[in-house]
Amino acid sequence: MRLFSSPAEELAIKTICSPRKDVAGTMLSLIDRDAFHSAAAKEAYDVIQKYMAKKGHTPTFEVLCVDPMLSESSRENLSEVTKVVRTIASAEALADRLADFRRKRQIYSMSKATLQTLEKPVVDLEELIAFLQNNVSKIAQQRTEEDTIFHIGRDDNTLSIAESLLFEKREPIFIPTGYNTFDLKNGGFLRGQVSIIGGHTSSGKSTVAYQTAMNQAALGYKVVVVPLEMGVDETIARMMASVARMENKEIQFQRLTERERDLAWKRWRRFQKRMEEKGGRITLYKPLGEVSMQQVFAALHTYTFDIAYIDYIGLLAGVGGDKTEAQWLQMGNAVRYAKVYADQTKRAVVVLAQVDKEGQLRYSKAMEEHAATTWYFVATKESREAGNLRIEMTKGRNQEIMPFVLAIDYATQHVQDPVIDQHEETASTAAGDSTDASESIAKQSTASKYLDDVTAD
């Protein structure tokens, strides 16, 4: 009777450490510690989890095998693995095989317990039958997530949830954006949900997204940015320009003076240090070649993070090209997949998208159906000159739907709450026009203050 396969388990461990992040992430998302039987595989899985908690991503197989937390015997077992899983389909098949072995072990344990019970002088048959029915039901439903049906009242399995909502300190459901203009009203972006930042071409949607990601990292959140449109160099240059308060093009064209270079480097290192002190991190994941939304999130599963930015959806495989029915169905399906992933992992996902000249979401209203929050903006010549970006919020789950304004400097790629003139604010108050909105705008966000402090030389 085969209840496990050590080679298969060890192959699964190697797959989790694969340089193919989409394959590794698929494997990691489909199994947990209970999928393993061998001590070596269990130990290796634990080491991987500890590594991810510390480093923010899965280790390579070579790094795993030399990890001091891994015992010599486990290291020897893993070193014998010669096969490589190269595709997502193969990873899924391997996960299914391990799941079958797991179910066999459960059936074996249940059968063994049943035989031991039957050997007793007195057997409560009704109790035994209930035991068998309960365990068979659990094994039969193994492929679906346990406890997907919740009861309030009889057979209540929600009491602990209600108790924790009222009495326990829980992880906030909102991840603040760093803009008080928005956060003081709406908290930020929702965990477990998708948000959309829609903008006209060259209107600043990437600028807003990257500054928001930096704000969140400065507040201690772990952020992943997937720059499909730009290279890593260009992405970092934009972020550096914002931190250094220097023109992006001057950094990219290497036209800074020696003093400016030294100052920019000083501010960038200071930003990194203070971000690390808060426990924040920015991870750039740049896929090689065209990828689907499924492949993006399979790869991201090998990283630890709170929120991810996809820049932008039109560059994903299967959603570019002509405006056809098939295309906008694919756009909607891509956002739907992102929503499912966000819900399952309790992470926030922000998807960037193009809007047309009228400020409407290009290609598909189906995208908006799956989003919890939507921001749309169209930058005009006048708004660019004024440095003001008016954002229309057209949807907000458990939030106040409202327009708001951010100050944007296109040259330095820096975005922040607009600063209201003191005299203007006083006059407005005297006229009886003091509102929560004006008060929130008058205050600079914690993240912005934190980042501004980086430039204090």
Check your understanding: Which members of segment 99-125 meet the condition of being of a type in the set (Val, Ile, Thr) and in contact with a helix residue (DSSP H, G or I) (Cβ under 7 Å, 6 or more places away or on another chain)?
Key -> Ile107, Thr114, Thr117, Val123
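Just checking, which of Val340, Val296, Val291 is within 25 Å of Ala12 (Cα to Cα), at pLDDT 80 or above and assigned to a loop (DSSP other than H, G, I, E, B)?
Answer to the check: Val291.
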Check your understanding: Of the residues that make up segment 433-455, is at least one surrounded by 14 or more Cβ atoms within 10 Å (Cβ to Cβ), at pLDDT 80 or above and within 26 Å of the chain's Cα centre (by Cα)?
Key -> no
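Considering segment 343-369 alone, what residues qualify as being modelled with pLDDT under 85 and assigned to a loop (DSSP other than H, G, I, E, B)?
Residues satisfying the conditions are Asp356, Lys357, Glu358, Gly359, Gln360, Arg362, Tyr363, Ser364, Lys365.
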Check your understanding: Does segment 297-320 hold any residues that are among the hydrophobic types (A, V, I, L, M, F, W, C) and more than 16 Å from His370 (Cβ to Cβ), and which are they?
Key -> Ala298, Ala299, Leu300, Phe305, Ile307, Leu315, Ala317
Revision key, fill the gap. Note on segment 72-83: residues in a loop (DSSP other than H, G, I, E, B) and surrounded by 14 or more Cβ atoms within 10 Å (Cβ to Cβ) are Val81
Practice item. Could you grab me the full set of residues in segment 160-201 that are surrounded by fewer than 21 Cβ atoms within 10 Å (Cβ to Cβ) and in contact with a helix residue (DSSP H, G or I) (Cβ under 9 Å, 6 or more places away or on another chain)? Key: Arg170, Phe174, Leu184, Lys185, Arg191, Gly192
**Study point:** From the options Lys83, Lys55, residue that is at pLDDT below 85 and under 26 Å from Ala299 (Cβ atoms)
**Key:** Lys83
Check your understanding: Within segment 67-79, is there a residue that is in contact (Cβ under 8 Å) with a residue 40 or more places away in the chain and not assigned by TED's automatic domain parsing to the domain that holds Thr283?
Key -> yes
Review point. From the list Glu425, Glu400, which one is at pLDDT below 80 and touching a helix residue (DSSP H, G or I) at 6+ places or on another chain (Cβ under 9 Å)?
Key: Glu425
Practice item. Give, as residue ranges, the helices (runs of 4 or more DSSP H) completely inside segment 179-265 that count at least 3 residues that are farther than 28 Å from Gly56 by Cβ. Key: 180-186
Check your understanding: Out of (1) loosely packed, with under 14 Cβ neighbours inside 10 Å; (2) touching a helix residue (DSSP H, G or I) at 6+ places or on another chain (Cβ under 9 Å); (3) part of a helix (DSSP H, G or I), the odd one out for Ile152 is which?
Key -> (3)
Point to revise | Test set (1) touching a His at 6+ places or on another chain (Cβ under 8 Å); (2) within 28 Å of Leu389 (Cα to Cα) - Thr158 fails condition number | key: (2)
Practice item. Within segment 187-208, count every residue that is under 18 Å from Asp306 (Cα atoms) and not hydrophobic (A, V, I, L, M, F, W, C). Key: 6
Study note, to complete from the structure: Counting only residues that are touching a helix residue (DSSP H, G or I) at 6+ places or on another chain (Cβ under 8 Å), under 18 Å from Tyr410 (Cα atoms) and among the polar types (S, T, N, Q), segment 211-238 contains a total of 3
Point to revise | Residues of segment 373-389 satisfying the condition of being among the aliphatic types (A, V, I, L, M) and in a strand (DSSP E or B) | key: Leu389
**Study point:** Residue count for segment 69-98, restricted to those that are basic (Lys, Arg) and touching a Ser or Thr at 6+ places or on another chain (Cβ under 7 Å)
**Key:** 0
Exercise for review: Restricting attention to segment 161-180, report how many residues are out of contact with any Lys or Arg (no Cβ under 9 Å at 6 or more places or on another chain) and within 16 Å of Trp375 (Cβ to Cβ).
Suggested key: 4
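The values are calculated or read from the model by the stated rules, or taken from the named source; none is laboratory data. Computed from a predicted structure; not experimentally measured. Note that we place each Cβ from the backbone using ideal geometry, even for glycine, and neighbour counts take in every protein chain shown.
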